[in-house]
1. Applying the selection to the range 9-26, what residues are within 16 Å of residue 62 (Cβ to Cβ) and under 14 Å from the mean Cα position of the chain (by Cα)?
2. It is to be established whether one or more residues within the range 59-82 are over 24 Å from residue 150 (Cβ atoms), assigned to a strand (DSSP E or B) and outside the structural domain of residue 149 (by TED's automatic domain parsing).
3. Based on this model, can you work out whether residue 19 counts as in a loop (DSSP other than H, G, I, E, B) and either modelled with pLDDT of 85 or more or touching a strand residue (DSSP E or B) at 6+ places or on another chain (Cβ under 7 Å) (or both)?
4. Exactly one condition in (1) over 12 Å from the mean Cα position of the chain (by Cα); (2) in a helix (DSSP H, G or I) is not met by residue 107; state its number.
5. Return the only residue of 140, 128, 163, 95 being under 24 Å from residue 7 (Cα atoms) and either at pLDDT below 65 or not in a loop (DSSP other than H, G, I, E, B) (or both).
6. If residue 67 passes every condition in (1) out of contact with any strand residue (DSSP E or B) (no Cβ under 7 Å at 6 or more places or on another chain); (2) loosely packed, with under 13 Cβ neighbours inside 10 Å; (3) in contact (Cβ under 8 Å) with a residue 12 or more places away in the chain but one, which one does it miss?
7. Got at least one residue in the range 31-53 being surrounded by 10 or more Cβ atoms within 10 Å (Cβ to Cβ), farther than 24 Å from residue 110 by Cβ and within 17 Å of the chain's Cα centre (by Cα)?
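The values are calculated or read from the model by the stated rules, or taken from the named source; none is laboratory data. This is a predicted model, so every value here is computed, not measured. Here the Cβ is made from the backbone with ideal geometry for all residues, glycine too, and neighbour counts use every protein chain on show.
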């Protein structure tokens with residue numbers, strides 16, 4: 001059993017490079033997958049660490065929407081008995097997102113910017129200066145046009161100083 005869910009933006013309202021609009025807590029969006037994911041495949045538990053959440057899924061093509069990416073949802077093993085699926089070989093609940101969303105989050109995770117344990121002094125630094133001080137993605141090339149668009153959407157190339165500690 002493979003199930004997919006996800007709040008997707010209507011094409012006419014899709015106005016940013018991330019193809020996503022925050023409809024709940026921004027902090028929860030950043031930390032939503034931080035515990036990783038666990039699902040059942042071939043009657044075995046499969047664990048996916050947070051660092052691989054957005055790169056571990058797959059894609060499905062839809063004639064009216066194009067290609068959507070999916071990634072595994074949190075710990076799904078607890079739902080197997082709740083739904084009476086003990087005999088099911090596979091139980092993989094996933095979340096749909098547009099592919100650029102998954103690529104962008106993967107980049108931010110690899111850069112270490114989604115950790116609850118990291119604290120960076122960003123006072124009076126621009127995002128560009130902050131990333132140049134060593135917080136850029138670890139060995140991740142940022143030459144992809146899509147990645148550059150996503151970083152630009154976050155203000156990556158702005159000269160506006162940040163005023164707080166970024167946690």
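1. Here is the first cut: in the range 9-26, the residues within 16 Å of residue 62 (Cβ to Cβ) are 9-11, 14, 19.
Once the filter is applied, which keeps residues that are within 16 Å of residue 62 (Cβ to Cβ) and under 14 Å from the mean Cα position of the chain (by Cα), the range 9-26 yields only 19.
2. Yes, some residue in the range 59-82 is over 24 Å from residue 150 (Cβ atoms), assigned to a strand (DSSP E or B) and outside the structural domain of residue 149 (by TED's automatic domain parsing).
3. Working: in a loop (DSSP other than H, G, I, E, B): yes; either modelled with pLDDT of 85 or more or touching a strand residue (DSSP E or B) at 6+ places or on another chain (Cβ under 7 Å) (or both): yes.
Criteria met by residue 19.
4. Only one criterion in (1) over 12 Å from the mean Cα position of the chain (by Cα); (2) in a helix (DSSP H, G or I) is unmet by residue 107, namely (1).
5. The match here is 95.
6. (1)
7. If we filter the range 31-53 for residues that are surrounded by 10 or more Cβ atoms within 10 Å (Cβ to Cβ), which is where we start, we get 31-41, 43, 45-53.
Imposing the further condition that a residue be farther than 24 Å from residue 110 by Cβ reduces the set to 40-41, 43, 45.
Adding the requirement that they be within 17 Å of the chain's Cα centre (by Cα) leaves none.
So far as the range 31-53 goes, no, none of its residues is surrounded by 10 or more Cβ atoms within 10 Å (Cβ to Cβ), farther than 24 Å from residue 110 by Cβ and within 17 Å of the chain's Cα centre (by Cα).
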